[in-house]
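Reading through the structure tokens given below for one structure.
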Amino acid sequence: MMEIRFKLNGRDVTAMAEADDSLYQVLRSLGISSVKCGCETTNCGLCTVHMDGKAVLSCSVPAPRCAGHEIVTLEGLQDEAKRLGACLADEGAEQCGFCAPGLMMNVLALAKENPGASDEEIDAYMAGNLCRCSGYMSQRRAVRRYLAMIAQEVSA
Amino acid sequence: MMDEKKNVQAVGAPVRKKDAEALTTGKPVYTEDIAPKGCLCVKLMHSPHAHAMIEEIDVSRAQNAPGVACVVTYKDVPDVRFTQAGQTYPEFSPYDRLILDRHLRCVGDPVAIVAAQTERQAMAAMKLIRVKYRILPAILDPEEAIDNETLIHPEENWRALVPSCGADNRRNLIARGEDAEGDVEAELQASDIVIDRVYTTKANQQCMMETFRAFTRMDTYGRLEIVSSTQVPFHVRRIIATALDIPKSRVRVIKPRIGGGFGAKQTAICEQYPAIVTMKTGLPAMIVYTREESMTLSSPRHAMRMHVRLGAMKDGTIRAIDLHTLSNSGAYGEHGPTTVGLSGHKSIPIYTHNMKAFRFAWDVVYTNTMSAGAYRGYGATQGLFAVESAVNELAHALDMDPSMIREMNIVREGERMPAYYGEIAGSCAMDRCLARAKEMIGWDRKYPAHTMPDGHIRAVGMALAMQGSGISGVDTGAVMIRLGDDGIYNMAIGATDMGTGCDTILAQMAAQSLDCPVDNITVHGVDTDTSPYDCGSYASSTTYVTGMAVVKTCEELRGKITRVGAKLLGISPEDALFDGDCVREAEGERSVSLQEIANAHMTAGYEDISACVSSGSPISPPPFMAGCAEIDLDPLTGEVKLVDYVGVVDCGTVINPNLARVQTEGGIMQGIGMTLMECPTMDDRGRTVSNSFLQYKIPTRVDAPSVRVEFEPSYEKTGPFGAKSIGECVINTPAPAIADAVYNASGVRVRDLPITAEKILLGDRE
């Protein structure tokens, strides 16, 4: 067991972890419920979080590597989550909701990197976020809706 | 009397799901999120062999390993056979399982259960278990199962509760039967042309994002509490009580939010393992299947081999269909006898219009492969791939447009469908679905194919589909609504929202029936101690069956509200009207508000205002659908890309257009995956090779950039507000539609799914 200190959703935290634990395991042990595990092979995107502002798969980040870094999960972005969540809900796109937090973390990263993304760019950026309920079309409509909302706010 | 309706528009509105905010803000609402701290971690040791007997098993070292609370083997479980299938009692699925068995019947079959304080400890302890196996000959090919000298279930206490389904463990048979009307041989003889073909489908995985999981604990009263990600809480109560050989009164099942089901969770895959650990230790215990376990020891679609003979005249009229289905149920019989029925009963009836005879016969067998289960479409998906493909082949053989053949032959509203249990198509807009789907894809311009400037070939293909709405005469849903403080309604349901939004659409129906905003209906479900009985969410039953229970409950509740209101007004109920806000005199000015009525019944034992009505249906009205695919084929590589897919659905009245659309888009995408990419693969020793998303590839959002959906509603008189089901029908069209588009592009007819570049490139051009 080792002690790892990092910043989680704006607060300094200390976690105990084995050397081969992943950031995902550490986050769950700290009571972060939004991160989910849908595979063991880095395919599904359910565990996406932001590390120093960039979207990463928390299952693929060795726990010790997050020492001293800044980790943000959906719990730390509740205002954005509500607005983006409303866009998803208005399309019925969240369905079972299990993939939603990971998807949303990636959308929020996309919104920063490429707020004017086209449909193709949205699909390509989000390709690593699997969803078995929605068939993706409603999610694309929701992301479009969200990006338009953001754009309007910027121009206003 | 009941009275004028106000202008409430809850039904038909794109209402947000009631749980949307919790789900999209990452709240702890799923099984694993709400498990008690310090839950034991339960892990399974899996059989490495497809067929073997445990000769010796030594768990002494494992039992004494650090953190281990208990190790369970076949010696420690009740010798009472049960089925994991979530079906109404008496189940068609044979009672052929023990929680752990000496006799291992497929790779992955559990050998031992290990419970420890942490996952690491459980996995470390498992390595200390020593097992000596006697390897038995394995049957991996369903064609070799019947009357094989190897018996997969030779045990004396194997039991079929419904012997009429033809189960016989001495022949490796789970079901055998036949349904027919008319002289099919004579009609095939009299046909100008007979399409005689064999089609096969594989054991596809549902791949819901949340794998199987449950936790268990003893409650204050010494009862076993199970919190499970399940579609069938009431069935789980019965299944686990049977498996543990304890009274059902000692089991309580709670369903939290579920991360998808698609039928996978209509089988009690994992609940028994933590349950027996809690029974033995008294401690809370949780099992969470890995994705690998979910891919290798779960409840996939029944792989089927379907032999179709379809007889038609030169003008395209279809006279007769003869279908034989061989279904592989794997090591256990879950859903075996029932899935197979849909392969014929929900494919042949589409072509009722000119049909003179049909025959549908089936065999369902045991093999030493993973046990199959329920997957959206439940056999209809397989049967429709066969029958719809045969119809497309007929069109090519007669050099006719496949849409023409369909227009001539499809069932019309009001017709009796002999192959659909003799039921009438009481509501059917399939003709309109077909016409609209053609229009949307641009069929008349695009059929059959065009060569593009880059040398690729663009082609279109089509298919039709049907399903049911619940199981006729079996499925049951009850709903309880209580009037509470200030006029709120608390609705308790036993139907299980697994992400589809049934909590919300049932609330929409209640709001419409009670003339109030949807927000005034709270929904609670499911807890087997407090929810009214519901068989669960499967067989496309919730909207139609439980929805009708909502309508009936609200009707009774309105009567009670009116009666109490009239009493408060001092008039007879016949002279009172309830408009959703208040009860008032039919002829006069006086009224009493719903709030006053609600608050009155909480004073000094005034009359209770609640209603609980159960509903079922003697019929199962089919939703219908037309689907068209446009593909892009690279003739050099055989690679197929889906360009566009359109689906037009008749699900009766659309209760929530957003949720119905997403159901359809999602179902189509799963169908596309099954058709073009998802390939369950086993090696020659029966080990599942496709054990992760790396090998078992499901569609990502770049694989099918365009899926477009519209509705052509009919009105189903027996359904709530005219509604029928939608959940399953929508997965059925992609396989046959894409297969025909591939044929139109390449001349290669692929009759075994999935359709891969290799099959197209190496296939014979016809």
Top mean-square fluctuation among A:SER118, A:SER22, A:SER58, Gaussian network model of chain A, C-alpha springs under 10 Å? A:SER118
Compute the long axis of helix A:100-113 from its Cα atoms, compare it with the longest principal axis of the Cα atoms of chain A, and write down the angle in degrees, 0 to 90, nearest 10. 70 degrees
Simple SL model, points at 7 angstrom along Cα→Cβ for B:ASN354 and B:GLU639; separation in nm is 4.2 nm
J(HN,Hα) series, region B:754-764, from Karplus relation 6.51 cos²θ - 1.76 cosθ + 1.60, nearest Hz, glycine and proline x: x, 8, 10, 4, 4, 5, 6, 5, 9, x, 7
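Expressed as a rounded percentage, what relative contact order does region A:9-95 have, with Cα pairs under 8 Å and six or more residues apart? If you can, show how the numbers build up before the last one.
Details: 104 pairs, mean separation 27.2, N = 87.
RCO, region A:9-95: 31 percent.
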To check you understand DSSP bridge types, tell me what percent of the beta bridges within region A:2-75 (both residues inside) are antiparallel, rounded to 5. 90 percent
Of all beta bridges DSSP finds with both residues in chain B, what is the antiparallel percent, to the nearest 5? 80 percent
Which whole-number percentage describes the relative contact order of chain B, with Cα contacts under 8 Å and a sequence gap of 6 or more? 15 percent
Arrange the peptides B:105-111, B:22-28 so that the one whose residues have, on average, the most other Cβ atoms within 10 Å appears first. B:105-111, B:22-28
Treat region A:2-75 as a sphere of radius equal to its Kirkwood radius over Cα pairs and apply Stokes-Einstein at 25 °C in a medium of 0.890 mPa s; give the translational diffusion coefficient in µm²/s, rounded to a whole number. 206 µm²/s
FRET efficiency for B:ILE424 and B:MET400, Cβ-Cβ distance as r, R0 = 25 Å, nearest 0.05? 0.30
Show me the ranking of peptides B:572-580, B:652-660 by mean Cβ neighbours inside 10 Å, starting with the highest. B:652-660, B:572-580
Which residues qualify? For B:ILE424, with a placed amide H closer than 5 Å and at least 5 residues away or on another chain, they are B:MET417
Shielding of B:29-35 by partners, i.e. mean partner chain Cβ atoms within 10 Å per residue? 3
Does a label point 7 Å from the Cα of B:THR522, set along Cα-to-beta-carbon, have any residues of region B:483-500 with amide nitrogen under 20 Å, and which are they? B:483-497
Using a 10 Å cut-off on Cβ to Cβ distances, tally the other chain neighbours for every residue of A:80-91 and report the average as a whole number. 4
Can you tell me the order of A:72-79, B:271-278, B:300-307 when each peptide is scored by its average per-residue count of other Cβ atoms within 10 angstrom, highest first? B:271-278, B:300-307, A:72-79
Whole-Hz ³J(HN,Hα) from phi, Karplus 6.51 cos²θ - 1.76 cosθ + 1.60, for region B:447-453, glycine and proline x: 6, x, 7, 9, 8, 8, x
Once you compute Rg and the Kirkwood Rh from C-alpha atoms, what is the Rg to Rh ratio for region A:77-155? 0.92
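Work out, step by step, the length gained on full extension between B:ASP79 and B:THR200: first 0.36 nm times the residue separation, then minus their alpha carbon distance; give nm to one decimal.
Working: separation 121, 0.36 × 121 = 43.56 nm, distance 3.70 nm.
That works out to 39.9 nm of additional length.
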Rounded to a whole number, the mean other protein chain Cβ count within 10 angstrom for residues of B:202-210 is 4
Could you work out [θ]222 nm for the protein assembly as shown from helices alone, using -39500 (n - 2.57) per DSSP H run of at least four and dividing by all its residues? Round to the nearest 500 deg cm²/dmol. -8000 deg cm²/dmol
At 0.36 nm per residue, and after removing the present C-alpha to C-alpha distance, how many nm does the segment from B:ASP752 to B:ASP579 gain when stretched out fully? 56.5 nm
So, R0 is 45 Å and r is the distance between the beta-carbons of B:ARG432 and B:SER249; what FRET efficiency does that work out to, to 0.05? 0.30
Sketch the reach of a paramagnetic label on A:MET1 as a point 7 Å from Cα along Cα-to-Cβ, and name the residues of region B:95-132 whose backbone nitrogen lies under 13 Å away. B:118
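Bear in mind these aren't lab numbers, they're just calculated from the coordinates by the rules spelled out. From a predicted model like this one, the values you see are computed outputs, not experimental measurements. Every residue, glycine as well, gets a Cβ built from its backbone with ideal geometry; the counts of neighbours run over all protein chains shown.
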